[in-house]
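One structure is given below, encoded as C-alpha cells.
The values are calculated or read from the model by the stated rules, or taken from the named source; none is laboratory data. What you see is a predicted model, and the numbers here were worked out from it, not measured in a lab. Positions of Cβ are generated from backbone atoms using ideal geometry, with glycine treated the same way; all protein chains shown enter the neighbour counts.
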Amino acid sequence: MSITLYYFSATGNSLTTARILVQELGDCRLVPVAAVKNQPKIVEENNTVGFVFPVYYGEMPYPVREAVSKMVFPADSYVFAVNTYRGHGGAAPQRLDALLRTRGQKLSLAGGVPMPGNSFINAPEKDAAYLQQQEENIKTLIPAIRNKEVQNYFSEEVLPLRPVSYPNNFRGITADDNCIGCGRCVSVCPMNNISLQNGKALIGDNCATCLACFHWCPVEAIWMSKKEEMWDRMGQDIARRSKYQHPQVTFSDITAQKN
Ligand SMILES: Cc1cc2nc3c(=O)[nH]c(=O)nc-3n(C[C@H](O)[C@H](O)[C@H](O)COP(=O)(O)O)c2cc1C
Ligand code: SF4
Ligand code: SF4
C-alpha cells in the first residue's frame, strides 16, 4: 500500500511518530506540511493519505489547516490521521473531517499517541512512560490503517474555531533582552514570523503558537507574555516553562521541514 504521509512537528513528537509509521507501514512518502503549505494548490495523486500532527486546543495546527484547505485529492481517497497530544485529542478528528469535507473527502480513521506536553506540563514520570511506550502505542494503530478501517467523525454541530485556528500571537510570544541574535528561531519558525532587527529577534502576529521558537532557543530568551485563563484552570504558569525537545530529534530535523 503506497501512502503519502504529511506531518507537522515543532518539538519532534509528531516527527518521530511519522518516522515510526513509515517504518511500520512501509511504502510511504513523507511530506512536511511546512514545505508545501504556501503552494496555491496541493495536488495529491496518491489515494491513501495520512496526516500526523500535534493537537492544539482540540484543533489541528494552523499550518495543517492551511495545507488541507488547498488540497485536491483523488476521488474516494482513504484519509487517516495520527495525532500526538499531552492529554487527549479533543475534537481534532471532527475538525479535520469537517475541513476534508470542504475538499470532497472525509476522515476515515483517527488514532492518537500520548506524548510529553510541549505547552502544559505532565508529571516527569508520565512523560518518561509516554516516550518509552511511543513505538508500542503507534504499533497498535497499524492493523487498522493497513486494513483501511473506517469510522465516522462527522459532527452535526459546527465546531467553533479555536485560538489556534488562524494565525495570531494570542500568547504574546516574544524575545527578551537575553536574545543573542543567533537566528535559530528564525530558521525554525514554520510561519516565517520571526526576523532579526538590530541583532534581536522580533516576533510578529503571523504565529501558529507551535512553540518551536520557544523550545529551540538556546538561551531561553523566548517567553509567553500574555497569560490565558486556561493557565489558571490548568493550575500552571507556563510563561517560562522548561524546554522540551524529543530526544531523537535535532534542531536540523525541525528546520528541514521548511525545505
Ligand atoms: C498551543 C498548544 C496547544 C496544545 N493543546 C493541547 C491540547 O488541547 N490537548 C493536548 O493533549 N495537548 C495539547 N498540546 C500538547 C501537544 O499536542 C503535544 O505536546 C504534541 O505531542 C507536540 O507535538 P510536536 O512535538 O510534534 O510538536 C498543545 C501544545 C501547544 C503548543
Ligand atoms: S533563538 Fe533565542 S537567542 Fe537566538 S535569535 Fe531567537 S530569541 Fe534570540
Ligand atoms: S513565532 Fe514561534 S510559536 Fe509562532 S509560529 Fe513561529 S515558531 Fe511557532
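Please state which one of M1, M60 is touching a helix residue (DSSP H, G or I) at 6+ places or on another chain (Cβ under 8 Å) and at pLDDT 95 or above.
Just one listed residue meets the conditions, M60.
Could you tell me how many of the residues in the range 225-242 are under 22 Å from G204 (Cβ atoms) and touching a helix residue (DSSP H, G or I) at 6+ places or on another chain (Cβ under 7 Å)?
Total meeting the criteria: 1.
Show the residue pairs that are 6+ apart or on different chains and have beta-carbon atoms under 7 Å apart, the first residue being within the range 169-193 and within 16 Å of N259 (Cα to Cα), the second being of a type outside the set (S, T, N, Q) and surrounded by fewer than 14 Cβ atoms within 10 Å (Cβ to Cβ).
Listed by first residue and then by second, the contacts come to R184/P218.
Of all residues in the range 179-210, count the ones that are among the polar types (S, T, N, Q) and either within 19 Å of the chain's Cα centre (by Cα) or under 15 Å from M224 (Cβ atoms) (or both).
Residues flagged as among the polar types (S, T, N, Q) and either within 19 Å of the chain's Cα centre (by Cα) or under 15 Å from M224 (Cβ atoms) (or both) within the range 179-210 amount to 5.
Looking at (1) over 26 Å from E59 (Cβ atoms); (2) in a helix (DSSP H, G or I); (3) away from ligand 1 (no atom under 15 Å from the Cβ), find the lone condition where A144 falls short.
(1)
Here are the criteria: (1) in contact (Cβ under 8 Å) with a residue 24 or more places away in the chain; (2) surrounded by fewer than 18 Cβ atoms within 10 Å (Cβ to Cβ); (3) not hydroxyl-bearing (S, T, Y). Tell me which single one R240 does not satisfy.
Every condition holds for R240 apart from (1).
Just one of the numbered conditions (1) surrounded by fewer than 21 Cβ atoms within 10 Å (Cβ to Cβ); (2) touching a Lys or Arg at 6+ places or on another chain (Cβ under 7 Å) is not true of N178; which one?
Every condition holds for N178 apart from (2).
Identify all residues within the range 220-245 that are aromatic (F, W, Y) and touching a Gly at 6+ places or on another chain (Cβ under 9 Å); write none if there are none.
W223, Y244
For the range 168-183, state whether one or more residues are in contact with a helix residue (DSSP H, G or I) (Cβ under 6 Å, 6 or more places away or on another chain), at pLDDT 95 or above and either within 12 Å of ligand 2 (Cβ to nearest atom) or not acidic (D, E) (or both).
Within the range 168-183, none of the residues are in contact with a helix residue (DSSP H, G or I) (Cβ under 6 Å, 6 or more places away or on another chain), at pLDDT 95 or above and either within 12 Å of ligand 2 (Cβ to nearest atom) or not acidic (D, E) (or both).
Within the range 26-85, track down each residue that is within 16 Å of ligand 3 (Cβ to nearest atom) and aliphatic (A, V, I, L, M).
V33, A34, A35, V55, M60, V64, A67
Could you tell me whether G111 is surrounded by 12 or more Cβ atoms within 10 Å (Cβ to Cβ), more than 14 Å from ligand 1 (Cβ to nearest atom) and either within 28 Å of Q39 (Cα to Cα) or not assigned by TED's automatic domain parsing to the domain that holds M234 (or both)?
Spelling it out, it is not the case that G111 is surrounded by 12 or more Cβ atoms within 10 Å (Cβ to Cβ), more than 14 Å from ligand 1 (Cβ to nearest atom) and either within 28 Å of Q39 (Cα to Cα) or not assigned by TED's automatic domain parsing to the domain that holds M234 (or both).
Taking the residues in the range 67-85 that are of a type outside the set (S, T, Y) and surrounded by fewer than 20 Cβ atoms within 10 Å (Cβ to Cβ) as candidates, determine which candidate is nearest to I145 (Cα to Cα).
Ranking the candidates gives D76 first.
Pairs under 8 Å by beta carbon, first residue in contact (Cβ under 8 Å) with a residue 60 or more places away in the chain in the range 14-26, partner acidic (D, E), six or more apart or different chains?
Hits for this filter: L15/D253; I20/E135.
Give the residues of the range 4-25 that are surrounded by fewer than 21 Cβ atoms within 10 Å (Cβ to Cβ) and either within 16 Å of ligand 3 (Cβ to nearest atom) or more than 19 Å from the chain's Cα centre (by Cα) (or both), sorted by residue number.
Within the range 4-25, Q23, E24, L25 qualify.
For residues that are touching a helix residue (DSSP H, G or I) at 6+ places or on another chain (Cβ under 8 Å) and of a type in the set (D, E, K, R), scanning just the range 99-121, find the one that is nearest to F80 (Cα to Cα). Don't jump to the end; show me each part of the working.
The initial filter retains those residues of the range 99-121 that are touching a helix residue (DSSP H, G or I) at 6+ places or on another chain (Cβ under 8 Å), namely 99-100, 103, 106-107, 109-111, 113-118, 120.
Among the residues that remain, those that are also of a type in the set (D, E, K, R) are: 103, 106.
Details: R103: 15, K106: 9 Å.
Out of the qualifying residues, it is K106.
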